[in-house]
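Have a look at the structure below, then the notes.
The values are calculated or read from the model by the stated rules, or taken from the named source; none is laboratory data. Keep in mind the model is a prediction, meaning the values are calculated, not measured. For neighbour counting, all protein chains shown are included, and Cβ atoms are generated from backbone atoms with ideal geometry for every residue, glycine included.
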Amino acid sequence: MTTVHPFRFSRDGLLGLPASPTLVINDRIKEMMAAGQEVFHLGFGESRFPVHPTLARALQDNVHKRSYLPALGIPELRAAIAAYYSKKFDRPVSPEQVVIGPGSKALLFALMQALDADILLPTPAWVSYGAQAQLAGRPLLQAPMDPAADYAVDVDRLAHTIDQASTEWRQPDLLLLNTPNNPTGTVMSTEAVEAAATFARTRKMVIFSDEIYSLVTHPDITFASPAQYYPEGTVVFGGLSKHMSLGGWRFGLAILPPGEAGTQLARALQAIAGCTWSCVAGPVQYAALKAYSGSPEIENYIEACTCLHSARTNYLYEAFEEFGLACPTPQGGFYLYPSFARWREPLAARNVNTCQDLAMHLLDRYQIAVLPGSAFGDDPYALAVRISSSYLDAETEEQATTLIEAFQQNGNPEHFFQDHHPRLRQFNERMADFIGELEGELLRTARL
């Protein structure tokens, strides 16, 4: 007997909208692990390091903060974040410019709702940008960046995409940037940031600058924000999920432009928050006060975690270079974005023709979990995948704690990776086997 239900789902927002690929693959991996299968989990972009004790105590001490709080955040927290960003990034930020929400993802979506804007998005790009635009009913225009230039944001390519779209009467009003970048692990150069800011100002576009990984910029890499060059037209997004490993706490922030424009955006966001999430949980807000206090103890912890992310990501990158994989040099966060296009023919012989095919092949045959580049808006036939270095050998709280302690005591790469990274080393071995097989097949084909 067929069950009849009364639900009629929204065609506007949900038509063709898949579940988040990152969350889907994470759920599948958990199922495989629960069934006793070995999986090398490089698909989920979650920083795994322990909650800093100061923040853990602050959360516990404020558990009684159970009442509704201001929708835009408690005043002392907004002031603390303004002071922190002003000092850390050397640009003036006032408390009135700061708003908070339950994760930067929620704030991005809310502000998409607030603005009547078509969106220009350089790709490849984080999986949720396009999905959020669809849910918000905002037309999305994708501008593919050049793999040969490590997908660097190129204003000429942005202009070309707009010019092509103008024949269909399309004119984007909002440029969405992400630096350090997910999925490529690259950081926009200061020159590229300034060029993008000038481009947006000239064309009277708003910039949404997703800087959730800004405090995980690798050592010796310079981070720049469009807000430095185009403050009146840029909204900056951040939060605690990456540099403090607090993704599940759901704390995000946005820094609005100064002046009347920022005031109006804050009013719009206050209205949206009041109708949806009401406020960020009280204990989380008061714990965040500690996170943005500028405490040397916390700042040293952020630096140690960033150095460790850099070391682990570059450990894999160096191996990829030896394997002959084309891959942008990682500069921030914990991602690598290698392309296997060099082995297109032997992969096709295995019925692997797309990024999705490649990701499933690696999972099914080698127990390696990655995300396909097509999930990030890349060409499905580019044979690119996103790899996250953040999970292996940090699967448990105990392992993650041990990694931090060992790295702080002796960060010598040779000993550190030999003694504390069996899973990363095993992954490299499996990847070497996979590529070795492809190379062998390529050579046999060449001899025929």
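General remarks:
- Any chance residue 105 is more than 18 Å from residue 172 (Cβ to Cβ) and not in a helix (DSSP H, G or I): no
- Of all residue pairs spaced 6 or more apart or on separate chains, those with beta-carbon atoms under 8 Å, a first member in region 355-380 that is in contact (Cβ under 8 Å) with a residue 24 or more places away in the chain and at negative phi and a second member that is of a type in the set (Asp, Glu) and surrounded by 24 or more Cβ atoms within 10 Å (Cβ to Cβ) are 355/378.
- Checked against (1) farther than 30 Å from residue 149 by Cβ; (2) surrounded by 14 or more Cβ atoms within 10 Å (Cβ to Cβ); (3) among the polar types (S, T, N, Q), residue 60 passes all but condition (2).
- Of the helices (runs of 4 or more DSSP H) lying entirely inside region 348-443, those containing at least 2 residues that are of a type in the set (Gly, Ala, Ser) and out of contact with any Gly (no Cβ under 7 Å at 6 or more places or on another chain) span 397-409.
- Scanning region 107-132 for residues that are at pLDDT 95 or above, buried (at least 19 other Cβ atoms within 10 Å of the Cβ) and among the aliphatic types (A, V, I, L, M) gives 107, 108, 110, 111, 112, 119, 120, 121, 125.
- Single unsatisfied condition, residue 360 versus (1) in contact with a strand residue (DSSP E or B) (Cβ under 9 Å, 6 or more places away or on another chain); (2) crowded, with 16+ Cβ neighbours inside 10 Å: (2)
- Search result, residues across region 154-202 that are more than 24 Å from residue 45 (Cα to Cα), assigned to a loop (DSSP other than H, G, I, E, B) and out of contact with any Asp or Glu (no Cβ under 9 Å at 6 or more places or on another chain): 167, 168, 169
- Checking each residue in region 145-158 for being within 20 Å of residue 194 (Cβ to Cβ) and loosely packed, with under 15 Cβ neighbours inside 10 Å picks out 146, 149, 156.
- Candidates 206, 236, 193 - the one that is within 18 Å of residue 146 (Cβ to Cβ), buried (at least 21 other Cβ atoms within 10 Å of the Cβ), in contact (Cβ under 8 Å) with a residue 24 or more places away in the chain and of a type in the set (A, V, I, L, M): 193
- If only residues of region 379-401 that are among the β-branched types (Val, Ile, Thr) and farther than 17 Å from residue 352 by Cβ are counted, the one that is surrounded by the most Cβ atoms within 10 Å (Cβ to Cβ) is 401.
- Condition met for residue 393 (charged (D, E, K, R) and at positive phi): yes
- Verdict on residue 264 being in a helix (DSSP H, G or I), in the same structural domain as residue 102 (by TED's automatic domain parsing) and touching a residue at least 12 places away in the same chain (Cβ under 8 Å): no
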